[in-house]
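The values are calculated or read from the model by the stated rules, or taken from the named source; none is laboratory data. What you see is a predicted model; the values in this text were computed from it and never measured. Ideal geometry is used to build each Cβ from the backbone, glycine not excepted, and the neighbour counts take in all protein chains shown. Just so you know, the surface numbers come from the protein's heavy atoms only, side chains and all, with ligands and any DNA or RNA stripped out. Shrake-Rupley method; radii C 1.70, N 1.55, O 1.52, S 1.80 Å.
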Amino acid sequence: MSNLRESYARLAEGRSIYFSQQGDGEPFLFVHMSTGSADNAQGMFGILRDRFHCIALDRAGYRYSGTLDRLTTMEEQVAAIAAVHDACTAEPAWVFGHSGGGTWSVAYALAHPDRVRGLILYEPALYGVFPPEGRPPGVSTMIETVAPVFRAGPLHKALSQFSRALNPELSPQAADERATENLSSDRRAGCESFATEMSVVVTWSPMPGQWAQLTQPALVMAGDCTGEALPEIAAKVAERLPNGELAILEGQHHGAPMAAPDVLAQRTVAFIDRVVAAESKDG
């Protein structure tokens, strides 16, 4: 049985942050992608809950945690993760961050190092990891062209630009169609929430001296079917993390945590087992 429990944590200013938890064992905290929700974790949790205390949240501005009528901040998203973590357990957690959730997971590990047992990142959206003079073309497009459109609106134009940045082979017409097709009410709400954080997600990165503070064991993964920018970012992040390693997953794309949860769960467990075994040997 999943033993699913749902509740809310509260931020200092009174905002409620939804979370769910299931299973028992070491804490495993899932931080969802931009446009996503806590439900993105359910495929992986169906595999991991027999071993881990699985925790997922709707980040500030998303779904049951309520929408925002302003841009979010790094501090707000980190506070939401911390509030949920504290509400569930006093133990450090393995933190899994997907896409934009990977950005906030790194920020959380930097702000609360003693609360993070290790980092598992799938295609983190840390576009800011590249210095301005060394940005690959896809990264430059996202920061210099797409992020300002998300700040200014409208949403349709921003989503079209976003689609072309991730898929440069798309024509403007195809990108426009992709920006509007199959936009359910939930999907549109997720995209509107994304607009409140996108400019922060793609421009924030630890300062050069801060990377050295992120000493937790870290696995950074990317799919080989995603395009160029996100795997390039993943490689750079793995290089910057003192105890980071990179894994490129054959046949996977950006939605792998939901589309191939068994693959991600197996890679995650293998990594954690190796870390625990090495620590036991050294200790």
| field | Residue satisfying all of: in region 38-76; among the polar types (S, T, N, Q) and either in a helix (DSSP H, G or I) or at pLDDT 95 or above (or both); nearest to MET258 (Cα to Cα) among these | value | ASN40
| field | One residue from VAL200, VAL237 being within 27 Å of ARG63 (Cα to Cα), at pLDDT 80 or above and outside any strand (DSSP E or B) | value | VAL200
| query | Among the residues of region 9-25, which ones are free of Cβ contacts under 8 Å to residues at least 12 places away in the same chain and either among the aromatic types (Phe, Trp, Tyr) or on the phi > 0 side of the Ramachandran plot (or both)? | reply | GLY14
| request: Could you tell me which residue of region 46-55 is most open to solvent (accessible area, probe 1.4 Å), considering only residues that are in contact with an Asp or Glu (Cβ under 8 Å, 6 or more places away or on another chain) and not basic (Lys, Arg)? | output: ILE47
| said: If I ask for residues that are open to solvent by 40 Å² or more (accessible area, probe 1.4 Å), touching a Gly at 6+ places or on another chain (Cβ under 7 Å) and closer than 26 Å to ASP39 by Cβ, which ones from region 228-253 would you list? | reply: HIS253
| message | Looking at GLY223 and the list (1) farther than 23 Å from PHE28 by Cβ; (2) touching a His at 6+ places or on another chain (Cβ under 9 Å), which single condition is not satisfied? | response | (1)
| message | Being under 30 Å from SER163 (Cα atoms), open to solvent by less than 20 Å² (accessible area, probe 1.4 Å) and part of a loop (DSSP other than H, G, I, E, B): is that true of PRO257 here? | response | no
| field | Boolean, THR35 is out of contact with any helix residue (DSSP H, G or I) (no Cβ under 6 Å at 6 or more places or on another chain), part of a loop (DSSP other than H, G, I, E, B) and open to solvent by less than 50 Å² (accessible area, probe 1.4 Å) | value | no
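Per-residue answers, yes or no, for (1) buried (at least 24 other Cβ atoms within 10 Å of the Cβ); (2) of a type in the set (Val, Ile, Thr):
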residue	(1), (2)
THR67	no, yes
THR72	no, yes
GLU76	no, no
TRP104	yes, no
HIS112	no, no
| said: Given the options ARG59, ARG10, name the one that is surrounded by fewer than 24 Cβ atoms within 10 Å (Cβ to Cβ) and either under 10 Å from VAL84 (Cβ atoms) or among the charged types (D, E, K, R) (or both). | reply: ARG10
| note | For region 26-39, pairs from a residue that is closer than 12 Å to ALA56 by Cα and in contact (Cβ under 8 Å) with a residue 40 or more places away in the chain to a residue that is open to solvent by less than 10 Å² (accessible area, probe 1.4 Å) and acidic (Asp, Glu), with Cβ under 6 Å and 6 or more apart or across chains, are SER37/ASP58
| said: Is it the case, given these coordinates, that ASP176 is surrounded by fewer than 19 Cβ atoms within 10 Å (Cβ to Cβ), over 23 Å from GLU232 (Cβ atoms), modelled with pLDDT of 75 or more and acidic (Asp, Glu)? | reply: yes
| note | If you go through GLU123, GLU133, GLU91, the only one that is out of contact with any helix residue (DSSP H, G or I) (no Cβ under 9 Å at 6 or more places or on another chain) and either at pLDDT below 85 or over 20 Å from THR73 (Cα atoms) (or both) is GLU133
